[in-house]
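Chemist: I have a structure I would like to understand better, so I am pasting it below and will then ask my questions one at a time.
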Amino acid sequence: MDDKTESKCPDFAADLVEYQSGFGNHFSSEAIAGALPKDQNNPLVCPYGLYAEQISGTSFTAPRKLNQRSWLYRIKPSVTHEPFKSRIPHHEKLVSEFNQSNSSANPTQIRWKPVDTPEAPTDFIDGMYTVCGAGSSFLRHGFAIHMYNANKSMDDCAFCNADGDFLIVPQKGRLWITTECGKLQVSPGEVVVIPQGFRFVVDLPDGPSRGYVAEVFGTHFQLPDLGPIGANGLAAPRDFLVPTAWFEQRSRPGYTIVQKFGGELFTAKQDFSPFNVVAWHGNYVPYKYDLSKFCPYNTVLIDHGDPSINTVLTAPTDKPGVALLDFVIFPPRWLVAEHTFRPPYYHRNCMSEFMGLIHGGYEAKADGFLPGGASLHSCMTPHGPDTKSYENEREFKYIIAAAKQGSVKARQLAAQLIPRFFKYFPKLAEEAIDQHLNLGADEDRGARSYHAKQVHLPLQVSPGEVVVIPQGFRFVVDLPDGPSRGYVAEVFGTHFQLPDLGPIGANGLAAPRDFLVPTAWFEQRSRPGYTIVQKFGGELFTAKQDFSPFNVVAWHGNYVPYKYDLSKFCPYNTVLIDHGDPSINTVLTAPTDKPGVALLDFVIFPPRWLVAEHTFRPPYYHRNCMSEFMGLIHGGYEAKADGFLPGGASLHSCMTPHGPDTKSYEATIALGNEAGPQRITDTMAFMFESCLIPRICSWALESPFLDHDYYECWIGLRSHFRREATDGRSSDFQNGKRK
């Protein structure tokens, strides 16, 4: 509470501001205890004689899960003001209705340098100007990209945007933002969202400030769906901060409300502060987020992920997966993809991309793209790394190395890249040409081998590959190497499909092109007494016929057997902090009718890099509403140091606790926080994960191979808790290592 008489609150100390945390929660806050009404929103007489006022961010009849509104309990209602009038002088550089009279289409790649601090006194309102946009605030569909450059705090006025939500990204200088719900201090590296209709003031505690503003019409920002990333990752809901109630009750004669409406500015006078809200509750609130808390994901073996993997917030359209506006960041992270061009790829996009830089540099632009600057690559305009970023000697050395000892695929790629780019690296040119000449015969052999594998008539499936035989197909299994063992998953009433990729984008995990389907082959000879064995209702039936069932001369359709080489999987994982959910490694899923819930997921744990810092890298301890059956094809599994062998299996049913064994846990803790990047090699574990609770067959429970001592792998886990620790860490740890 502030009941002093000075014209402005001078206190910009961040440690004096309290926040609530969460995203989309129903929050409540009161600056005076008891100011929130009990049991109802709008009592006849509110506590302390306050007025009840609701602010609605969605229509009254919007679906409940999407409905956004808050109740404000204030000293005077916000309606108490003089009529709005057009603001004089007019702001000539704000646009909300984009048409040929105020903007133009231009497919050229465009870049702007940072602007200088204005010489004349300029506050946030007058320092904001529109750069580009599309659509209409009146039609409630579209967006605008603004930038701001200010050198003074707002004085005796508050701003209200009736057109849409503001997402503000300060690049230089902190912002002290007072809203009707309370105060927010926003520093460069943080972002703040001011929803449509809220009144706010921007003060500049550090003097001049500049940055970026995204505005959306007709929708609100929300967290993106995570798809196979699972339940955790990217921007965590708990890291979003919401203000706590704060109010001032003093008289403010001549106070001005500046309202943005249809892209124009209007003003209205009132004699009190708009920040007279003593208490409030609801889910429609301003909020901020610290970008350093973002948990990034990326490929951890090969190839480059799509930028959507770094989506912080999205403003959706009615079309699933298509955003009116995505807010995407490129934070500090590890790049570990092998045999891969690591900067962002060259691209033509059906989406338009506006980029800014808060600090540092951007890996795809070695020169010219500066903090405070911006670029625009419109729909289908080609863009990508600049020449200097592309012509990187280290990357070219990787290409030469791939030519020497890479996989067949890597050598094929090197054969294409070396003759195109050796001229840019004179010091490496001779070595590159020699390797290219030596590559020819080897490349031909690789191509012939690959071709032979493609046209081989049966489906040849080796350990490390999987095959799907759809319901109803007749098939024969031959064993060219003699004895064979493995695992089989069966699903009823659905079929396997590729998982939706969510913010991973268009590429990653199992690529459709890597699934192989057989070509037509037939035999027409007589086969007297040939037997068809049919599984029906769990029982086996037989029928005789005098011909081969493989007499199909030609076929077409999309219902076919197929196989997949697990080594081609392009894994993603966290690349800064925390451990991803295992769903990030989903190869195939058999869905139910409930979105995001699988009858059976086929998940793998392939060779990959682990680079998360300050993180327990093995899989976390877990109780899952899903049931997990695991197998091991070869090598070892990082969460089980002993006992989990190739050809073996484990089952952790719904809500059964599980996680790393004692030896794996202790070995990980002993490494401490100084553990560097770690490449998991010589492994291929997998998991069948189901929403159903499995019943176990009697012969599996009575098997002589059942490990009755499995539970002992966790018995050795001991407590590290020390009550006397005062610094938030257990006292038997120091600097991330055991004493």
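The values are calculated or read from the model by the stated rules, or taken from the named source; none is laboratory data. These figures come from a predicted structure and were not determined experimentally. All Cβ positions, glycine included, derive from the backbone under ideal geometry; neighbour counts span all protein chains shown. SASA here: full protein model, heavy atoms, side chains in, ligands and nucleic acids out. Shrake-Rupley method; radii C 1.70, N 1.55, O 1.52, S 1.80 Å.
Chemist: Of Gly34, Ala231, Gly384, which is farthest along the charge dipole of the chain in the positive direction, counting Lys and Arg as +1 and Asp and Glu as -1 at C-beta?
Modeler: Going by the Cα projections, it comes out as Gly384.
Chemist: Return the distance in nm (one decimal) between the two label points of a simple spin-label model at Asn551 and Glu430, each offset 7 Å from Cα along Cα→Cβ.
Modeler: That separation, rounded to one decimal, is 6.9 nm.
Chemist: So, with a 1.4 angstrom probe, what is the percent of accessible area on the chain that is carbon and sulfur?
Modeler: Whole-percent figure for carbon plus sulfur exposure: 55.
Chemist: What would the Debye equation give as log₁₀ I(q)/I(0) for region 204-289 at q = 0.12, 0.19, 0.20 Å⁻¹, counting only Cα atoms as equal point scatterers?
Modeler: For region 204-289, the Cα-only Debye profile gives -0.66, -1.31, -1.34.
Chemist: On to the next question. Tell me, in nm to one decimal, what length is gained between Glu264 and Val560 on full extension, where the rule is 0.36 nm per residue of separation less the Cα-Cα distance?
Modeler: Taking 0.36 nm per residue and subtracting the Cα distance, the gain is 100.6 nm.
Chemist: Specify which labelled value, from (1) 42.2; (2) 33.6; (3) 86.4, agrees with mean projected area of the Cα convex hull in nm² derived from the coordinates of the model shown.
Modeler: Read-out taken from this structure: (1).
Chemist: A follow-up question, please. Which three numbers, in whole Å and largest first, are the semi-axes of the equivalent ellipsoid of region 592-728 derived from its Cα gyration tensor as √(5λ)?
Modeler: 28, 19, 18
Chemist: Normalising by the residue count of region 510-588, find the relative contact order in percent from Cα pairs under 8 Å and 6+ residues apart.
Modeler: Values: 86 pairs, mean separation 26.9, N = 79.
Taking the mean separation of contacting Cα pairs over the length of region 510-588, I get 34 percent.
Chemist: Still on this structure, I have one more. Karplus couplings for region 65-75 from phi (6.51 cos²θ - 1.76 cosθ + 1.60, θ = phi - 60°), rounded to Hz, Gly and Pro as x?
Modeler: For region 65-75, the Karplus-derived couplings read 5, 10, 6, 10, 6, 9, 10, 10, 10, 10, 5 Hz, x marking Gly and Pro.
Chemist: Further, regarding this structure: Loop only per DSSP, at most 14 neighbouring Cβ atoms within 10 Å: give me the trypsin sites (Lys or Arg not before Pro) in region 237-294, ordered by residue number.
Modeler: The qualifying sites are Arg250.
Chemist: If you average the C-alpha positions of region 590-665 and of region 350-373 separately, how far apart do those two centres end up, in angstrom?
Modeler: Computed from Cα coordinates, the inter-centre distance equals 39 Å.
Chemist: Please give every one of the aspartates and glutamates within straight-line cross-link reach of Lys365, meaning a C-alpha to C-alpha distance under 16 Å, and leave out same-chain neighbours fewer than 8 residues apart.
Modeler: Glu353, Asp386, Glu391, Glu393, Glu395
Chemist: Any chance you could run the full-extension gain for Arg623 through Lys397? It's 0.36 nm times the residue separation minus the Cα-Cα distance, nm to one decimal. Before the final figure, lay out the partial values.
Modeler: Details: separation 226, 0.36 × 226 = 81.36 nm, distance 4.58 nm.
Taking Arg623 through Lys397 to full extension adds about 76.8 nm, to one decimal.
Chemist: Considering only protein heavy atoms, with the full assembly of protein chains and a 1.4 angstrom probe, order Asp290, Asp318, Asp306, Asp156 by accessible area, largest first.
Modeler: Per-residue accessible area, sorted high to low, gives Asp318, Asp156, Asp290, Asp306.
Chemist: Then there is this: Could you state the accessible area per residue of region 224-312 in Å², with a 1.4 Å probe and every protein chain left in place?
Modeler: Accessible area per residue, region 224-312: 29 Å².
Chemist: Quick one: if you take sqrt(5λ) for each eigenvalue of the C-alpha gyration tensor of region 323-386, what semi-axes come out, biggest first, whole angstrom?
Modeler: 19, 16, 13
Chemist: For region 189-254 and region 280-334, write down the distance between their C-alpha centroids in whole Å.
Modeler: Result: 15 Å between the Cα centres.
Chemist: Of Lys152/Lys293; Lys93/Lys293; Lys38/Lys288; Lys183/Lys260, which pairs sit farther than 25 Å apart, going by alpha carbon to alpha carbon?
Modeler: Over 25 Å apart, Cα to Cα: Lys152/Lys293; Lys93/Lys293; Lys38/Lys288.
Chemist: Sticking with this one: Collect residues whose amide H, placed 1.01 Å from N in the peptide plane, falls under 5 Å from the amide H of Ala236; neighbours closer than 5 in sequence don't count.
Modeler: Cys295
Chemist: Send over a whole-number figure in Å² for the accessible area per residue of region 621-709, probe 1.4 Å.
Modeler: 56 Å²
Chemist: Would you grab the residues whose amide H sits under 5 Å from the one on Ser548? Only those 5+ places off in sequence or on another chain, please, with H modelled 1.01 Å from N.
Modeler: For Ser548, whose amide H was placed from the backbone, the distant partners under 5 Å are Arg527.
Chemist: Compare Ser101, Ser70, Ser719 by solvent-accessible area with a 1.4 Å probe and give them largest first, with all protein chains kept in place.
Modeler: Order by accessible area, largest first: Ser101, Ser719, Ser70.
Chemist: Taking 1 over the mean of 1/r across every pair of different Cα atoms in region 270-403, what Kirkwood radius in Å do you get?
Modeler: This gives a value of 18.1 Å.
Chemist: Check each of the chymotrypsin sites (Phe, Trp or Tyr not before Pro) in region 307-399 and keep only those in coil by DSSP with at most 12 other C-beta atoms within 10 angstrom; list them in order.
Modeler: Sites meeting the loop and neighbour criteria: Tyr346.
Chemist: What figure, in Å² to the nearest 10, do you get for the accessible area of Glu30 with a 1.4 Å probe and non-protein molecules left out?
Modeler: 80 Å²
Chemist: Still on this model: Give the aspartates and glutamates whose C-alpha is closer than 13 Å to that of Lys65, dropping any in the same chain fewer than 8 places away, or say none.
Modeler: Result set, ordered by chain and number: empty.
Chemist: From zero outward in steps of 10 Å, how is the percent of C-alpha pairs of region 91-233 spread across the bins?
Modeler: Going from the shortest bin to the longest, the percentages are 11, 38, 34, 15, 2, 0.
Chemist: Mind checking the dipole of the chain: about its Cα centre, +1 per Lys or Arg Cβ, -1 per Asp or Glu Cβ, Debye to the nearest 20? Before the final figure, lay out each step's value.
Modeler: On the way: 68 positive and 79 negative charges, 135 e Å.
Charge dipole, the chain, about its Cα centre: 660 debye, nearest 20.
Chemist: Moving to a separate point now. Taking the alpha-carbon distance from Lys397 and a cut-off under 16 Å, which aspartates and glutamates remain once sequence neighbours fewer than 8 residues away in the same chain are dropped?
Modeler: Glu338, Glu430, Glu431, Asp434
Chemist: Based on alpha-carbon atoms only, what is the radius of gyration of region 32-103 relative to the globular estimate 2.2 N^0.38 Å?
Modeler: 1.68
Chemist: Show log10 I(q)/I(0) for region 158-241 at q = 0.14, 0.19 Å⁻¹, two decimals, from a solvent-free Debye sum over equal Cα scatterers.
Modeler: Ignoring solvent entirely, the Cα scatterers give -0.55, -0.93.
Chemist: Using modelled backbone amide H atoms (1.01 Å from N, in-plane), which distant-in-sequence or interchain residues come within less than 5 Å of Glu465's amide H?
Modeler: Those qualifying (amide H under 5 Å, at least 5 residues apart or on another chain) are Leu566.
Chemist: Sum -39500 (n - 2.57) across every DSSP H segment of at least 4 residues in the chain, then divide by the residue count to get the 222 nm mean residue ellipticity, nearest 500.
Modeler: Rounded to the nearest 500, it is -3500 deg cm²/dmol.
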